[in-house]
Amino acid sequence: MIIIASHAVFAADGEPVHGTGSEIGAFLQQKGLDYLFIKHSLYGGFFTLVDKFLGRKLIAISCGLKNLPFPLRIIQEQIINFYFVFKEKKIKLFIGIDPLNAFSGILAKKIGRVEKTVFYTADYAHQRFENSFLNWIYHWFDQFAIKHADQVWNVSTRITELREKQGVPRKKNFFVPNTPIFKKVKRLPYSCINKHDLVVVSNLTRSLNYPLIFKAVKKLSSRYPDMRLIIIGQGPYEKELKKIVHKMRMGKRVLFLGRKSHEEVLKILAKSAIGIAPYTSEEPWREFCDSLKIREYFACGLPVITTNISSTADDVSKFQAGFVIKIRKEEFIRAIDQLFSDKKLYLKMRRNGINLAKKYDFFKVINKTFKELGIL
């Protein structure tokens, strides 16, 4: 049995959003390995959900209490992790996504309930919390996890490099990005896509510069009459964004599709032309994070326009899979216009993105780490 313990963002309907670690379950199912995938609610407000794959059958379990205060929620999550550790007879591997979940697995190994542990770093920040005491606790758990885990997986190249500086040996330090299983993604030929559709997949917060996007679309709409902006996702910023769009009289240009299943998202991406992710520095962990949405844009054949905030921007630039811009309307407009007007450039960046997705195919990357652990 393998246990994966994580924190997930839950949508309003109570379903966890596809995120870091989501593809691990698909990998284990394909390999025929039994597992438990524990998904604690990142922001509270929902029960913990557990996917149990046993004997090639998948069942879902809900447990715990919801709407607990932050300290009690953390304690409950540790209790749930240990409940399942002791409930199962033999735990070959415990994958803890973030320091607290990794802490559970490492303690379980020390008392003989788990054979091997992985600390999967989903994000990182030097100043994770404004409260200095909470920030110290966060870094204590992080350092404990990188010291005692059998392997350290890092979602971005920037975290991987940081771990080296922190003294993590190369033999246990792995780059495991937020990238899909390449064969699961169906790409459409260029002739079948909507050639002037921009798409963004995001939790609707201020982590993306939406006003910049709207202004660019409005400016270019006269040159490209069929141009559309497709927004997939929900969030606290949604009502305000819809007001901005209404005020700009762009209701027919900007489509809010709300939350979609992961399969639906990939189908919409495959039909679109450009994937956009102009991140802001609003959230301190963005510097070290890897963008799942950008990785999925690559896999679906979309050139990307992003800002140099997340670690994934390094790959966009290095592999020429799109444009890395500063948060300026003129740069954003220029990038869109170049991709829309230059078919040769577009196809080159589309091809580079697909090759990049193939290079970092999640199945290939995680297969290597499991072999190193002796699990396969």
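How big is the antiparallel share of DSSP beta bridges in segment 183-359, given as a percent to the nearest 5?
Details: 1 of 19 bridges.
Antiparallel bridges: around 5 percent, rounded to the nearest 5.
Express in % the proportion of alpha carbon pairs of the chain at distances exceeding 34 Å.
In whole percent, the long-distance tail amounts to 28.
Taking N as the number of residues in segment 183-359, what is its alpha-carbon radius of gyration divided by 2.2 N^0.38 Å?
Working: Rg = 14.8 Å, N = 177, 2.2 N^0.38 = 15.7 Å.
Dividing the Cα radius of gyration by 2.2 N^0.38 Å gives 0.94.
With r defined as the distance between the Cβ atoms of Leu188 and Glu238 and R0 fixed at 35 Å, what FRET efficiency is calculated, to the nearest 0.05? Present the calculation step by step, with values, prior to reporting the outcome.
Values: r = 28 Å, r/R0 = 0.81.
Calculated transfer efficiency: 0.80.
How long are the semi-axes of the equivalent ellipsoid of segment 131-216, defined as square roots of 5 times the Cα gyration tensor eigenvalues? Whole Å, largest first.
One finds semi-axes of 36, 22, 10 Å for segment 131-216.
Dividing the Cα convex hull volume of segment 23-110 by residue count, how many Å³ per residue is that?
Working: hull volume 8.6 nm³, N = 88.
Spelled out: Cα convex hull of segment 23-110, divided by residues, is 98 Å³.
Which residue, Pro225, Pro278, Pro99, has the most motion in a Gaussian network model of the chain that connects Cα atoms within less than 10 Å?
It is Pro225.
Which percent, to the nearest 5, of DSSP beta bridges fully inside the chain are antiparallel?
Antiparallel: roughly 25 percent of the beta bridges in the chain.
How large is the dipole of segment 300-376 about the Cα centre if only Lys and Arg carry +1 and Asp and Glu carry -1, each at its Cβ, rounded to the nearest 20 debye? Show your work: numbers first, answer last.
Working: 15 positive and 8 negative charges, 51 e Å.
So the dipole magnitude of segment 300-376 works out to roughly 240 debye.
Of the residues Lys247, Lys329, Lys359, which exhibits the maximal mean-square fluctuation in a Gaussian network model of the chain defined by a 10 Å Cα contact cut-off?
Ranking Lys247, Lys329, Lys359 by mean-square fluctuation puts Lys247 first.
Are there trypsin sites (Lys or Arg not before Pro) in segment 174-206 that DSSP marks as loop and that have at most 15 other Cβ atoms within 10 Å, and which are they?
Qualifying residues, ordered by number: Lys186, Arg206.
Within the set of other residues whose C-beta is less than 13 Å from the C-beta of Ala8, count the net charge using Lys and Arg as +1 and Asp and Glu as -1.
Within the 13 Å Cβ shell, the charges total -3.
Looking only at Glu264, Glu15, Glu331, which one moves most when the chain is put into a Gaussian network model with springs between Cα atoms under 10 Å?
Most flexible of the set in this elastic network: Glu264.
Just rank Thr307, Thr160, Thr205, fewest to most, by other beta-carbon atoms within 10 angstrom.
Thr205, Thr160, Thr307
Given the -39500 (n - 2.57) contribution per DSSP H run of 4+ residues, what per-residue ellipticity at 222 nm results for the chain, rounded to the nearest 500 deg cm²/dmol?
-13000 deg cm²/dmol
Only four residue types carry charge here, +1 at the Cβ of Lys and Arg and -1 at the Cβ of Asp and Glu. Report the dipole size of the chain about the Cα centre in Debye, rounded to the nearest 20.
For this selection, approximately 1100 debye.
When only alpha-carbon atoms count, how far does segment 64-153 stretch along each of its three principal axes, as whole angstroms with the largest first?
Taking max minus min along each principal axis of the Cα atoms, segment 64-153 gives 41, 31, 19 Å.
The numbers here are math on the coordinates, done by the rules we state, and not lab data. Given the structure is predicted, the values throughout are model-derived calculations rather than measurements. FYI the Cβ positions are ideal-geometry reconstructions off the backbone, even for glycines, and counts take in every protein chain you see.
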